[in-house]
């Protein structure tokens, strides 16, 4: 009888010990995942930019982002832009223009997120496609030439103003870097500094 009671007692202690150890392990895993006071948000953004990096011709692009915001200090998501450029302003007799688009992974560290004016450092990395076009009048329509794919990286500095709890407006300076385009005349057509703005809506 005493052996039976002792065996039951030891069994209860063993079960309690393993349960406590398992609970502590789960607590440790939860604490190391994102932290005790972690916050998760997200936003969608519209952005426009302009530059004159291609032979001093006006270069316009528009696009947007969608990202998750971790602990108010880091955004990770995706983004993309489409662009167009009228080279006929530089080469009046050519009828050339440039168009294309690019997109990829967005990583955006955020400094002083609780302040009404704060700074972010987004970088967009990915791939794009571009084409130089000739406008041919008459019955021939538009002739497209030099259709190119490329890789790019676009770091930026963004100064943001918190308009409301769910809306932010930013002024951005970006530097676009791409792999060379095979067209000898414009192989670095997309590389250069550009400026723009963005409007974000979401939970920050």
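Would you say residue 59 is under 18 Å from residue 198 (Cα atoms), at pLDDT below 95, surrounded by 17 or more Cβ atoms within 10 Å (Cβ to Cβ) and touching a strand residue (DSSP E or B) at 6+ places or on another chain (Cβ under 6 Å)? Judged against the criteria, residue 59 is a match.
Residues checked against (1) outside any strand (DSSP E or B); (2) under 14 Å from residue 190 (Cα atoms); (3) at pLDDT below 95:
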{"position": "84", "(1), (2), (3)": "no, yes, yes"}
{"position": "102", "(1), (2), (3)": "no, yes, no"}
{"position": "106", "(1), (2), (3)": "no, no, no"}
{"position": "109", "(1), (2), (3)": "no, no, no"}
{"position": "118", "(1), (2), (3)": "no, no, no"}
{"position": "124", "(1), (2), (3)": "no, no, no"}
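The values are calculated or read from the model by the stated rules, or taken from the named source; none is laboratory data. These numbers come from a predicted model, not from an experiment. For neighbour counting, all protein chains shown are included, and Cβ atoms are generated from backbone atoms with ideal geometry for every residue, glycine included.
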